[in-house]
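**Q** Quick one: structure below, then a few questions.
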Amino acid sequence: MKIGILGFVATHTAAPGAIAQKAEALGFESFYLPEHPIIPVTHKTRYPLSPDGEIPDSYAQMIDPFVGLALAAAVTKKIGLGTGICLVPERDPIVLAKEVATLDHYSGGRFIFGIGAGWLADESEIMGVNFKRRWPMTRECIRAMKELWTKPEASFAGEFVKFPPVKSNPKPARKPYPPIHIGAGGIGPSMERALRDTVAIGDGWAPLGLTPDVLAVELGKLKKMCAEAGRDFSKLEISMYFPAQGDPKRVREQYREAGAHRLIFLLDSPTAGKFEKDLEDLAKAWLN
């Protein structure tokens, strides 16, 4: 079982390079950074994980994940470097394709492209995204980026993305491109959409906070969808953000039996002088 870390890194915390270095030294397999370019001061959308619906201030403090991961790449050698997650429709797809390819090139093929479309409608609207159509936009952006990553002269003609033949370099080190993990999925309609998007454009699925039992049921559905679409389910990588807590050995085995390949734990406040012990405690519990 691969064990990764997602860090809520900000200017007042330890730097991403220092955290990634420590995580790599302890044996963690991957290091992720989240993304929210802005948080509206006033918002109608309720934050789903707090009783009052207010968004934690840490969400407004996040650094740019690509700059942070580039800093981490420069001081590490083998740890995977991922976005957890990148809000694709809030970025220009041509520029994003270049950022992904450049990071993957200079990290030696270590980038994991965790993607999503956003849950905060107020943020989406400020960033120029039609919230109701964010997933069709995301799917099209990913398809356009695949063209840019794999062809010496790429073009695309879609509803949201259009460009004539262009050259875009460098190409990613990992071929044909870094793995794309769909970071979405909750109980209800969004779960089915996440599964179908994984089949349509993804190389993996990375839901949030599912128990092993629920994950096993949903992976059964995903396997059936893959068969219907002619995709090899065994080639998909399954990651679980914020897995259920409990006895580490038993929890790892439960998720392994359910079909997960990676567990990603939250490093909520990786402040200098504190994050080292937090990582050591996680490593002692989950890497042994």
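Taken together, the values in this text are just the output of simple stated rules run on the coordinates, not laboratory data. Please read all numbers here as calculations on a predicted model, not as lab measurements. Note that each Cβ is placed from the backbone with ideal geometry, even for glycine, and that neighbours are counted across all protein chains shown.
**Q** Which lysines have a Cα less than 22 Å from the Cα of Lys151, not counting those fewer than 8 places away in the same chain?
**A** Candidates past the 8-residue exclusion: Lys98, Lys162, Lys167, Lys171, Lys175.
**Q** What is the order of Thr198, Thr271, fewest Cβ neighbours within 10 Å to most? List each step's numbers first, then the result.
**A** Values: Thr198 25, Thr271 11.
Lowest to highest Cβ neighbour count: Thr271, Thr198.
**Q** Taking a label point 7 Å from the Cα of Ile38 along the Cα→Cβ vector, which residues of segment 97-126 have an amide N closer than 17 Å to it?
**A** Those under the cut-off are 118-126.
**Q** Here's a follow-up. Given Cα pairs under 8 Å that are at least 6 residues apart, what percent is the relative contact order of the chain?
**A** Working: 534 pairs, mean separation 60.5, N = 288.
Relative contact order of the chain: 21 percent.
**Q** Another question, then. For segment 141-288, just say rounded, prolate or oblate: build the C-alpha gyration tensor, square-root its eigenvalues into a ≥ b ≥ c, call rounded for a/c under 1.5, and beyond that prolate if a/b exceeds b/c, oblate if not.
**A** On the way: a/c = 2.47, a/b = 1.49, b/c = 1.66.
Oblate, because a/c is 1.5 or more while a/b does not exceed b/c.
**Q** Separate question: Report, by chain and number, residues whose modeled amide H sits under 5 Å from the one on Tyr32, excluding near sequence neighbours (fewer than 5 apart, same chain).
**A** Amide H neighbours of Tyr32: Ile5, Leu6, Gly7, Gly82.
**Q** Under the 0.36 nm per residue contour assumption, what length would be gained going from the current alpha-carbon distance of Val75 and Ala60 to full extension? List each step's numbers first, then the result.
**A** On the way: separation 15, 0.36 × 15 = 5.40 nm, distance 2.63 nm.
Answer, rounded to one decimal: 2.8 nm.
**Q** At 0.36 nm per residue, minus the direct Cα-Cα distance, what do Thr211 and Ala272 gain on full extension? Give it in nm, one decimal, please.
**A** Values: separation 61, 0.36 × 61 = 21.96 nm, distance 3.20 nm.
Extending this stretch completely gives an extra 18.8 nm.
**Q** Which value in nm describes the separation of the simple spin-label points at Arg133 and Thr150, placed 7 Å from the Cα toward the beta carbon?
**A** 2.6 nm
**Q** Convert each backbone phi in segment 124-134 into a coupling constant with the Karplus relation 6.51 cos²θ - 1.76 cosθ + 1.60 (shift: θ = phi - 60°), then list the ³J(HN,Hα) values in order as whole Hz, x for Gly and Pro.
**A** Once θ is set to phi - 60°, the couplings for segment 124-134 become 4, 5, 4, 7, x, 9, 6, 4, 5, 10, 5 Hz.
**Q** May I ask for the percentage of alpha-carbon pairs in the chain that lie more than 36 Å from each other? Provide the component values of the computation, followed by the final result.
**A** Values: 4643 of 41328 pairs.
Across the chain, Cα pairs with separations above 36 Å total 11 percent.
**Q** Would you please classify the overall shape of segment 182-268 from the alpha carbon gyration tensor, given that a ≥ b ≥ c denote the square roots of the eigenvalues, rounded means a/c under 1.5, and beyond that prolate means a/b larger than b/c while oblate covers the rest?
**A** Working: a/c = 1.94, a/b = 1.63, b/c = 1.19.
Prolate, since a/c reaches 1.5 and a/b exceeds b/c.
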